[in-house]
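The structure appears below as structure tokens.
The values are calculated or read from the model by the stated rules, or taken from the named source; none is laboratory data. This one's a predicted model, so the numbers in the text were calculated from it and none came from an experiment. All Cβ positions, glycine included, derive from the backbone under ideal geometry; neighbour counts span all protein chains shown.
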Amino acid sequence: MRLLTHNMLSCNIKGVKNGYPLRLEAEKWTEKEVDFNAKFLRGIFPKIDWPALVGSARSFGFNDLLPDEAPDSSLLASDDDLLRRFHHALLEIHVEEGGLVCPETGRRFPINKGIPNLLLHEDEV
Amino acid sequence: MWFLCVFFHRLLDYRRPEVESLAELFGAFEPMEDGSPVRPLSLEWNLPQNHHIDSPFHFVNLPSEDVARNIARRSMLVKGIYELWGEGITDDDLEKAIRGFSDERKLPYLKPESSFRITVDNFGKVTSFQEQNERIRGLSYIPFKGRVDLRNPDHKFWLMEIDDYGENNGLPPVVERRIFFGREVGAADRKLLPTYQLKSRKYIGPTAMDAEIAFLMANQGLARPGKLIYDPFVGTGSILVAAAHFGAMTMGADIDIRVVRDGRGPDCNVWSNFEQYGLPKPLSLMRSDNNLPPWRSGLKEVFDAIICDPPYGVRAGGRKSGGRKLLKGAVDPYTVPEEKRFNHIPSTAAYSLAECVNDLLELSARMLVMGGRLVFFFPVLREDVVTVAQFPEHPCFTLIASCEQILSLRYSRYLLTMVKTGHYTEEISELAGKKHLDFRENHLKWMEEGNLHSAVFSSSDAQNTKSSFDRDSKPKYRGKYV
């Protein structure tokens, strides 16, 4: 599971109001190189929750990879280095084993073989 | 510019919509003032005189030869697109037409320093080598100056003919002979079909999508580099493989964790299907429920296309969260005991097609970008006379293509292509819900759990013998692939 996926998911247990962002517990993770596609990155950038991305990248020790504040999208068009760092954070960090924990209920959604399991239990629907 | 567009005699309903989609992909339509081509746009088409819509020969108006070449090369169902130099009923007609075709357009392709080849092709008949040579010699009035190269010529010419040979692959009778002569602008590359055929794919399931259809779906979804495509019923990833082949980024979800996580082992799973073809792996695979999607609130307009084959309960039924399998000692209200929560496997409930399609439309309305496409299969019992009104609708979407593939005497599936033409709001969502209820009540009782399966598989004795299904209402030549 990459940080892009983490950025899009929330806990959807019935009645939960603040199910985002999920706390990332990574027991096993790797970095894998992914083809760089500037057009895709610029397209997805406005949809990304920046503080959540910065937070999740820091949880892996990438403290200076991304600026605290979301950069202006025009900067992303001109600053190739920034775009590459965004690419690395979003797509090249892979969580193999671990979990996603709901900030409100503490419910842990397991990540197994890179696949987050977001299916709810019978009494959570 | 008008071109002769010759199709393969397959998947007849899918042919023009594929060309229309590729025309959009390769920029044949002028964008609107705000820059986004969200209007459903269409090309101008014509048929040769006396030809039926299911004929392989069509004329299409395209903005340029480059667009025509790009369309032909990427298409699955276009055999070739040609610059027509002449057509006629007899050889004399043809000669007259070719002589009358402007020299300005002809001469650049007849130069001495170039190489060329002429192919003779009769639709519905095998032409002997000798006859082919005679036909080619009959074209001696065209001043070819170049040298012949059968393997790798600069210019390819085609002499194509259709006549009533007694058998026309089941097409309606050909009224009169017609001959076409043209220069090939582009031709389909069907070599990728043997590469991607399911029988050599490592990991497939019972409902893995046939490679040809998966490529057609990817074309309908305008898959290309820089675009993000999502399949909420990803299974073994057969649709996303096709999208990734065309350079799109992919994401998939499935409710069945065994399929999406485990496959048949470390070298035989969804990921390995992408590895096998050297394609970039999906950006995300996850287990989630289409009925209760886990997207964070506020997330919308992320995907450029959603392409899927929803479970309609004939070969595989849908499941959703919220089952009520009895747990030992469970009392109302239903709760999972604390000590059993870790690694608990939740039971699931049946998911009717009606609910599934409604959820799919809602999800797509929210998660697709404006102008994004929803491409999915929708089953129809052939007893019903199908009209556009019977397909599911949503206020955010405009249906631009519905292509039938007949699966058996009893049912077909339609590939529906919808374009998001309206913004998604709370009010729209409410309106869509009402529309869906109306659709569900008035049209499709068989969309409820199990009904489609029984309609397709019940024995014929059990069925009403005076079925309203009229076997003659559809042309007889229409079969599984035609």
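Considering the range A:5-19 alone, what residues qualify as being more than 9 Å from chain B (Cβ to nearest Cβ) and among the hydrophobic types (A, V, I, L, M, F, W, C)?
Within the range A:5-19, A:Ile13, A:Val16 meet the criteria.
Helices (runs of 4 or more DSSP H) wholly in the range A:1-78 with at least 3 residues that are at pLDDT below 90 - which ones? Even if it seems obvious, please write down each step before you answer.
Details: elements: A:3-8, A:38-44, A:50-58, A:73-78.
The helices (runs of 4 or more DSSP H) meeting that bar are A:73-78.
Quick check on this structure: which one of B:Gly235, B:Gly263, B:Gly298 is within 28 Å of A:Phe109 (Cα to Cα) and either of a type in the set (Lys, Arg) or under 23 Å from the mean Cα position of the chain (by Cα) (or both)? Steps first, answer last, please.
On the way: B:Gly263 fails: either of a type in the set (Lys, Arg) or under 23 Å from the mean Cα position of the chain (by Cα) (or both); B:Gly298 fails: either of a type in the set (Lys, Arg) or under 23 Å from the mean Cα position of the chain (by Cα) (or both).
Unique residue meeting the criteria: B:Gly235.
Identify the residue in the range B:71-105 that is among the basic types (Lys, Arg) and touching a helix residue (DSSP H, G or I) at 6+ places or on another chain (Cβ under 9 Å) and, among all such residues, is nearest to B:Pro48 (Cα to Cα). Let's see the steps before the verdict.
Pass one, the range B:71-105, residues among the basic types (Lys, Arg): B:73-74, B:79, B:96, B:99, B:105.
Subset that is touching a helix residue (DSSP H, G or I) at 6+ places or on another chain (Cβ under 9 Å): B:74, B:79.
Numbers: B:Arg74: 24, B:Lys79: 17 Å.
Selected residue: B:Lys79.
Restricting attention to the range B:107-122, which residues are outside any strand (DSSP E or B) and among the acidic types (Asp, Glu)? Full working, then the answer.
Our first condition is that a residue be outside any strand (DSSP E or B); within the range B:107-122, this holds for B:107-114.
Of everything in the range B:107-122, just one residue is outside any strand (DSSP E or B) and among the acidic types (Asp, Glu), namely B:Glu113.
Can you tell me which residue within the range B:257-270, out of those that are out of contact with any Pro (no Cβ under 8 Å at 6 or more places or on another chain) and facing chain A (nearest Cβ under 10 Å), is farthest from B:Leu240 (Cα to Cα)?
Quick first cut of the range B:257-270, residues out of contact with any Pro (no Cβ under 8 Å at 6 or more places or on another chain) only: B:257-269.
With facing chain A (nearest Cβ under 10 Å) added as a condition, the list becomes B:257, B:260-263, B:266, B:269.
Numbers: B:Ile257: 18, B:Val260: 13, B:Arg261: 16, B:Asp262: 18, B:Gly263: 16, B:Pro266: 20, B:Asn269: 14 Å.
The residue in question is B:Pro266.
Kindly indicate the residue of the range A:94-123 that is within 30 Å of A:Asn37 (Cβ to Cβ) and part of a loop (DSSP other than H, G, I, E, B) and also farthest from the other protein chains (Cβ to nearest Cβ) among those meeting that condition.
A:Gly114
Could you tell me which residue of the range B:73-106 is surrounded by the fewest Cβ atoms within 10 Å (Cβ to Cβ), considering only residues that are under 28 Å from the mean Cα position of the chain (by Cα) and not in a strand (DSSP E or B)?
Step by step, filter the range B:73-106, then rank; the result is B:Arg73.
Check every one of the helices (runs of 4 or more DSSP H) wholly within the range B:177-259 and list those with 1 or more residues that are of a type in the set (Gly, Ala, Ser).
Working: elements: B:192-196, B:211-220, B:238-245.
In the range B:177-259, the matching helices (runs of 4 or more DSSP H) lie at B:211-220, B:238-245.
Go over the candidates B:Gly422, B:Gly450, B:Gly433 one by one and state the one that is modelled with pLDDT under 85, closer than 27 Å to B:Glu301 by Cβ and more than 22 Å from the chain's Cα centre (by Cα). Spell out the reasoning first.
Values: B:Gly422 fails: modelled with pLDDT under 85; B:Gly450 fails: closer than 27 Å to B:Glu301 by Cβ.
Going through B:Gly422, B:Gly450, B:Gly433 in turn, the sole match is B:Gly433.
Check the range B:107-114 and report whether any residue there is surrounded by 13 or more Cβ atoms within 10 Å (Cβ to Cβ) and within 27 Å of B:Tyr165 (Cα to Cα).
Of all residues in the range B:107-114, those surrounded by 13 or more Cβ atoms within 10 Å (Cβ to Cβ) come to B:109-111, B:114.
Adding the requirement that they be within 27 Å of B:Tyr165 (Cα to Cα) leaves none.
For the range B:107-114, residues surrounded by 13 or more Cβ atoms within 10 Å (Cβ to Cβ) and within 27 Å of B:Tyr165 (Cα to Cα): absent.
Of the residues B:Asp231, B:Asp254, which single one is crowded, with 24+ Cβ neighbours inside 10 Å, among the charged types (D, E, K, R) and under 15 Å from B:Val375 (Cα atoms)?
Numbers: B:Asp254 fails: under 15 Å from B:Val375 (Cα atoms).
The match here is B:Asp231.
Are any residues in the range B:282-314 free of Cβ contacts under 8 Å to residues at least 12 places away in the same chain and of a type outside the set (Ser, Thr, Tyr), and if so, which ones? First the steps, then the outcome.
Of the residues in the range B:282-314, the ones free of Cβ contacts under 8 Å to residues at least 12 places away in the same chain are B:294, B:296-298.
B:Pro294, B:Arg296, B:Gly298 - these are the residues of the range B:282-314 that are free of Cβ contacts under 8 Å to residues at least 12 places away in the same chain and of a type outside the set (Ser, Thr, Tyr).
Restricting the search to the range B:238-259, which residues are farther than 20 Å from B:Pro194 by Cα, among the β-branched types (Val, Ile, Thr) and within 24 Å of the chain's Cα centre (by Cα)? Before you say what the answer is, go through the steps one by one.
Here is the first cut: in the range B:238-259, the residues farther than 20 Å from B:Pro194 by Cα are B:248-259.
From what's left, among the β-branched types (Val, Ile, Thr): B:250, B:255, B:257, B:259.
Within the range B:238-259, just B:Thr250 meets the criteria.
Look at B:Leu360 and say whether it is at pLDDT 75 or above and more than 14 Å from every other protein chain (Cβ to nearest Cβ). Even if it seems obvious, please write down each step before you answer.
On the way: at pLDDT 75 or above: yes; more than 14 Å from every other protein chain (Cβ to nearest Cβ): yes.
For B:Leu360, the condition - at pLDDT 75 or above and more than 14 Å from every other protein chain (Cβ to nearest Cβ) - is met.
Identify the residue in the range B:182-200 that is modelled with pLDDT of 95 or more and charged (D, E, K, R) and, among all such residues, is surrounded by the most Cβ atoms within 10 Å (Cβ to Cβ).
Step by step, filter the range B:182-200, then rank; the result is B:Glu184.
Have a look at A:Lys113, A:Lys39 and point out the one that is basic (Lys, Arg) and touching a helix residue (DSSP H, G or I) at 6+ places or on another chain (Cβ under 9 Å).
The match here is A:Lys113.
Hey, among B:Ile428, B:Ile406, which residue is at pLDDT 65 or above, within 30 Å of B:Ser297 (Cβ to Cβ) and not hydroxyl-bearing (Ser, Thr, Tyr)? Talk me through it step by step, then tell me what you get.
Numbers: B:Ile406 fails: within 30 Å of B:Ser297 (Cβ to Cβ).
The conditions single out B:Ile428.
Filter the range B:261-282 down to residues that are under 30 Å from B:Gly322 (Cβ atoms) and outside any loop (DSSP other than H, G, I, E, B), then give me how many there are. Can you show your working first?
Kept after step one, since they are under 30 Å from B:Gly322 (Cβ atoms), are these residues of the range B:261-282: B:261-264, B:269-271, B:282.
Cutting the leftovers down to outside any loop (DSSP other than H, G, I, E, B) gives us B:261-262, B:270-271.
Summing the residues that are under 30 Å from B:Gly322 (Cβ atoms) and outside any loop (DSSP other than H, G, I, E, B) in the range B:261-282 gives 4.
Please verify whether the range A:20-27 includes one or more residues that are closer than 26 Å to B:Ser288 by Cβ, within 14 Å of chain B (Cβ to nearest Cβ) and free of Cβ contacts under 8 Å to residues at least 24 places away in the same chain.
no
Can you tell me which residue within the range A:34-93, out of those that are acidic (Asp, Glu) and surrounded by 12 or more Cβ atoms within 10 Å (Cβ to Cβ), is nearest to the other protein chains (Cβ to nearest Cβ)?
A:Asp49
Considering only residues that are assigned to a loop (DSSP other than H, G, I, E, B), at the interface with another protein chain (Cβ under 10 Å from one of its Cβ atoms) and not aliphatic (A, V, I, L, M), which ones fall in the range B:283-322? Show your work before the answer.
Quick first cut of the range B:283-322, residues assigned to a loop (DSSP other than H, G, I, E, B) only: B:283, B:288-294, B:296-302, B:309-317, B:322.
Still in the list and also at the interface with another protein chain (Cβ under 10 Å from one of its Cβ atoms): B:283, B:288-289, B:291-294, B:296-302, B:322.
Selection gives B:Ser288, B:Asp289, B:Asn291, B:Pro293, B:Pro294, B:Arg296, B:Ser297, B:Gly298, B:Lys300, B:Glu301, B:Gly322.
Being aliphatic (A, V, I, L, M) and at pLDDT 90 or above narrows it down to one of B:Ile345, B:Ile400, so name that one. Break it down into steps so the answer makes sense when it comes.
Numbers: B:Ile345 fails: at pLDDT 90 or above.
Residue meeting the stated conditions: B:Ile400.
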